[in-house]
Structures are given as structure tokens and as C-alpha cells.
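Comments concern the structure below.
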Amino acid sequence: MQVYGLLGNPVGHSLSPPMHEAAYDELGIDARYVTFEPADAGRAIEGARALGIAGLNVTIPFKRDVLAHVEPDALAARIGAVNTIDFAGEPTGHNTDAAGAIRALERADVGLGGARATVVGAGGAGRAVAFALADAGAAVSVANRTDSRARELAAEVPGASGHGLEALPELLADAEVVVNATSVGMEEDRSPIPPEALHADLVVMDAVYRPLETRLLREAADRGARTVDGAWMLLYQGVEAFERWTGADAPVDPMNEALRTRLEGDSSE
Ligand code: NAP
């Protein structure tokens, strides 16, 4: 049996175990996906190697710490965060949040090459989404509550500009894509984007997935924008990790169903 897992703290409400185990069940793979809350990421990675664990996802607060304990690929090194470790050979670190965001946006049929795209947030998720959009050919602007952080990120992302949140109406007026990569809207009915800045020519994606229907997505839909919820990004970062670890095509539909069943269960609690 192969063992995969998640390093983070807290990880008690993680949706990754049911999502990955749905894939193992569908493809008849003899594997389990378990969660770990270690005190120290480096020692956890050593222990995982010693135990023959096949792959680990990494979440808050360890995404940056693990960089020092694995060989990051070029994208993870640029983003400065690892969310997937592959233990085939020497441990390597990858960032599947980036590809996950792009695959989620593709669901809305948006052409990213040459598109004007705004990322709200400059933390771990904002960094992954900003690099991913730039690599996909979009002209990226970053807006963040702490505007110096947005400018620092923009200086690293080719062609990007950095701003405070007050620039959002102007940035979105002629944008095609906006992604909320802040934690605003999580477990609270707030949006980081003033509703009057949203319009029907936008694709609006929220990285927040609890709740599934955030205030931002409601207000975007009210103004005729196409919306992509955070569970799509969560799904595709998991799909990317699964495919890297197993070499098999991920069974996307059962993984999606496992995720959404849990998330919809959450909202009816
Ligand atoms: P993080 O590194 O802690 O960054 C938090 C970001 O939110 C920063 O840009 C911060 O701005 C901003 N922020 C926090 N409180 C704010 C407020 N009250 N008003 C305005 N901005 C505020 O967190 P992260 O890892 O990037 O995660 C951000 C969100 O993305 C979380 O909800 C997380 O669950 C979600 N996420 C989803 C996926 C997915 O697959 N769907 C993947 C990764 C993350 P400052 O810089 O000014 O503090």
C-alpha cells in the first residue's frame, strides 16, 4: 500500500483526504491519504522519507519552510512556496496551486493569452496565481491591502504592476479576469472588491472555497460576470499532485464529487 498525505497545521478539516481517496477508489489504487500536524517541517520530511511515504501535500504554515528541505522546481522556487512533495528519488518540491488556478479558469473558457488579469492578494495564493497568469501570457496587475507587498510581488512577475486595493475599480474597468487570492470572504460575508467595480465582461474566480458561494461570487453573478468558485482551484491543484505522484490521469469527476459533497454538507450544517 502507498501512503500519501498532507503536512499542515491545522489540517483537521482538510478536503484532500476524501478527494484523493475518491481517486484511489475509482482507479483501484491501493493507497491511503492521511493528514499530519508536525511541529517541524524538516523533521517531518525526513520521517516521511524514512517511512517510504510516496508523496505529501503541504499547506499553511509550512509551504515556505519546506523549500529548505526539498529540491524545488523552477516554478516553486519563483513562487517561493511548495505545496506538493514527490519522494520518487530525492524529494522534489512543486507548486500545483499555480496550474490548479489556470485549469480552474479554463473552465470559464477564458483565453488568458494577452488578457488583462488582476490578482487580489499577495500572500502564498496570490504569488502562485500571479506567476501562473503571467506564464499563461496574461498582463498581470496585483492589488493588495498592504500595497508594498503587491509592488514587491509585481517586481518579480514579468510585466506586472502592483497597487493598493483602492486601485481595483480602475484596474477592473478594462480587465477580463480577476482572482481573489485573499482570505477575505472565508467564513464571513465580505468581499475584497467593491461590487460597482464588477461587470459582465469579467471572469471572476475566488480562491476561497469555504463557503463555496462567497459574497464576491454572488455580487459578480448579479452583474453578469462569469464565476469560478474556489473548489475548482482546489480540485485541480489536487489533480495535478495526483498525476505527478501516480503518473495516471486523475479521475476528475469522482474527485470533484467528493469535494463538493463535503463542501455542500458544510454549508447545510
Ligand atoms: P496568506 O499567505 O496568509 O495571504 C493572505 C492574503 O489575504 C494577503 O494578501 C493579505 O493581505 C490578505 N488579507 C487578509 N486579510 C485581509 C483583509 N481583512 N482585507 C484585505 N486583505 C486581507 O494566505 P494564502 O495562503 O495566500 O491564502 C489566501 C486564501 O486563498 C485563503 O482563503 C486560502 O484558503 C485560499 N487558497 C485557496 C486555494 C485553492 O486551491 N482554492 C489554494 C491556496 C489558498 P496583506 O498582505 O495586506 O496581509
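The values are calculated or read from the model by the stated rules, or taken from the named source; none is laboratory data. Fair warning: this is a prediction, and the values are worked out from it, not measured in the lab. With ideal geometry, Cβ positions are generated from the backbone for all residues, glycine too; neighbour counts draw on all protein chains shown.
Is it the case that some residue within region 27-34 is surrounded by 15 or more Cβ atoms within 10 Å (Cβ to Cβ), in contact with a helix residue (DSSP H, G or I) (Cβ under 7 Å, 6 or more places away or on another chain), touching a residue at least 40 places away in the same chain (Cβ under 8 Å) and part of a helix (DSSP H, G or I)? No, region 27-34 contains no residue that is surrounded by 15 or more Cβ atoms within 10 Å (Cβ to Cβ), in contact with a helix residue (DSSP H, G or I) (Cβ under 7 Å, 6 or more places away or on another chain), touching a residue at least 40 places away in the same chain (Cβ under 8 Å) and part of a helix (DSSP H, G or I).
Of the residues making up region 203-246, those that are among the charged types (D, E, K, R), more than 11 Å from the ligand (Cβ to nearest atom) and either within 11 Å of the chain's Cα centre (by Cα) or not in a helix (DSSP H, G or I) (or both) are Glu213, Arg223, Arg226. What single numbered condition from (1) without any contact (Cβ under 8 Å) to a residue 24 or more places away in the chain; (2) buried (at least 22 other Cβ atoms within 10 Å of the Cβ) fails to hold for Ala221? The number of the failed condition is (2).
When we screen Glu176, Glu187 for residues that are under 22 Å from Asn256 (Cα atoms) and either of a type outside the set (A, V, I, L, M, F, W, C) or more than 11 Å from the ligand (Cβ to nearest atom) (or both), the only hit is Glu187. Answer with yes or no whether Ala175 is surrounded by 15 or more Cβ atoms within 10 Å (Cβ to Cβ), modelled with pLDDT of 95 or more, in the same structural domain as Asn57 (by TED's automatic domain parsing) and not in a helix (DSSP H, G or I). Criteria not met by Ala175. Residue check: is Gly100 within 17 Å of the chain's Cα centre (by Cα), in a helix (DSSP H, G or I), within 16 Å of the ligand (Cβ to nearest atom) and not hydrophobic (A, V, I, L, M, F, W, C)? Answer is yes for this residue.
Among the residues that make up region 117-134, is at least one of them of a type in the set (Val, Ile, Thr), away from the ligand (no atom under 14 Å from the Cβ) and more than 23 Å from Thr59 (Cβ to Cβ)? No: region 117-134 contains no residue that is of a type in the set (Val, Ile, Thr), away from the ligand (no atom under 14 Å from the Cβ) and more than 23 Å from Thr59 (Cβ to Cβ).
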